[in-house]
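Before any comments, here is the structure.
Please treat every number below as a calculation from the coordinates, not as lab data. Remember, it's a predicted structure, so these values are computed and weren't measured experimentally. Here the Cβ is made from the backbone with ideal geometry for all residues, glycine too, and neighbour counts use every protein chain on show.
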Amino acid sequence: MLYDLIPDEKKGPFLKDLLEYVVERNGLASMPKQDMEACFIYLFKKHVDPNIDIYSLSKIFKVKESKIKSLMELLYLKFDDSDRRADELKFLSLIENTLFEIESFEKVQIRFHFTQVEAFPLLQDFFRRVQGSVKYDRRSESIIVNQNRLYDVLNAIWEKDGGLSVAQSLVKPKIQKIIGNLGRSLDEEVRSKLREQNNSKFYKSLDYASKLSGIGSFVLNLYKSEAFKFFKS
């Protein structure tokens with residue numbers, strides 16, 4: 001039985017949280033069915049196994065993996081500091097789907113061409129958290145950021161959830177795509193120069209990102225791949 005999977009010392013806290021989310025926050029019988037399902041998965045992960053994978057959850061709750069994935073996306077936004085999580089997803093989606101270009105190799109800057117009016121204050125908020133800043137260019141309606149600080153923001157979001165499978169399924173693929181986009185933005189001529197000039201500021205920025213505790217290994221693997229090979233063995 002599902003109840004038996006909850007450790008005895010966790011059953012009390014599980015029930016307490018369940019009553020808070022289902023009754024105190026929403027009122028008895030007023031919580032939508034899908035929210036209720038997401039709530040059960042959230043509490044199971046919180047009190048039983050934070051690192052449980054989607055396949056195991058689908059077996060325990062007897063639903064398809066696709067259903068678990070959709071519920072996990074819902075719980076990511078609805079429960080456990082939902083405002084912060086929603087902002088993170090919004091920030092990553094903006095970066096992930098926006099055209100950009102290298103503004104300056106010497107200053108290690110990137111220019112994003114945003115069309116959304118809310119982009120500037122959102123980016124400004126996240127960059128301030130890592131002691132960075134963003135510059136708004138009114139003439140081109142674009143935003144210029146320092147690449148090192150962008151890596152810092154991505155790393156902070158990557159690490160915040162401590163490897164929970166919820167974060168892995170929603171946040172980490174977006175961050176991986178962003179880093180991949182940064183790599184693909186460099187043409188072969190630039191790549192050749194970076195391979196030759198490992199003392200350049202732009203090369204050092206890539207090296208800096210490769211040593212960050214969260215995204216570092218992914219950055220290193222990408223830029224050591226045959227397509228890029230910036231880092232010397």
Response to the item:
In whole percents, the bins of 5 Å from zero upward hold the Cα-Cα pairs of segment 2-80 as 3, 15, 27, 26, 20, 9, 0
Response to the item:
Over 26 Å (Cα to Cα) among 135/224; 90/160; 11/33; 33/59; 135/174 -> 135/224
Worksheet entry | Exposure proxy ranking, count of Cβ atoms within 10 Å, fewest first, for 187, 152 | 187, 152
Worksheet item: Which shape class applies to segment 85-223: rounded if a/c is under 1.5, otherwise prolate when a/b exceeds b/c and oblate if not, where a ≥ b ≥ c are the square roots of the Cα gyration tensor eigenvalues?
Response: oblate
Fill in: Dipole-positive endmost among 52, 186, 34 within the chain (Cβ charges, Cα centre)
186
Worksheet item: Can you give the FRET efficiency for residue 188 and residue 139, using 1/(1 + (r/R0)^6), R0 = 35 Å, r = Cβ-Cβ distance, to the nearest 0.05?
Response: 0.70
Discussion item. Limiting things to C-alpha atoms, what are the Rg and the maximum Cα-Cα separation (Dmax) for the chain, in angstroms?
Written reply: 21.1, 66
Item to complete: Name the residue farthest towards the positive end of the dipole of segment 109-155 from the options 154, 114, 130, assuming +1 on Cβ of Lys and Arg, -1 on Cβ of Asp and Glu, about the Cα centre.
Response: 130
Response to the item:
With label points set 7 Å from each Cα along the Cα-to-Cβ direction at residue 96 and residue 52, the distance between them in nm comes to 2.5 nm
Item to complete: Might you report the magnitude of the Cβ-based charge dipole of segment 2-80 about its Cα centre, with Lys and Arg at +1 and Asp and Glu at -1, to the nearest 20 debye?
Response: 260 debye
Worksheet item: In deg cm²/dmol, rounded to 500, what helix-only [θ] at 222 nm does the chain give when every DSSP H run of at least 4 residues adds -39500 (n - 2.57) and the total is split over its residues?
Response: -18000 deg cm²/dmol
Practice prompt. Determine the relative contact order of the chain: mean sequence separation of Cα pairs under 8 Å and six or more apart, normalised by residue count, in whole percent.
Written response: 15 percent
Discussion item. Taking the Cα centre as origin and putting +1 on Lys and Arg beta-carbons and -1 on Asp and Glu beta-carbons, what dipole magnitude results for the chain, to the nearest 20 debye?
Written reply: 460 debye
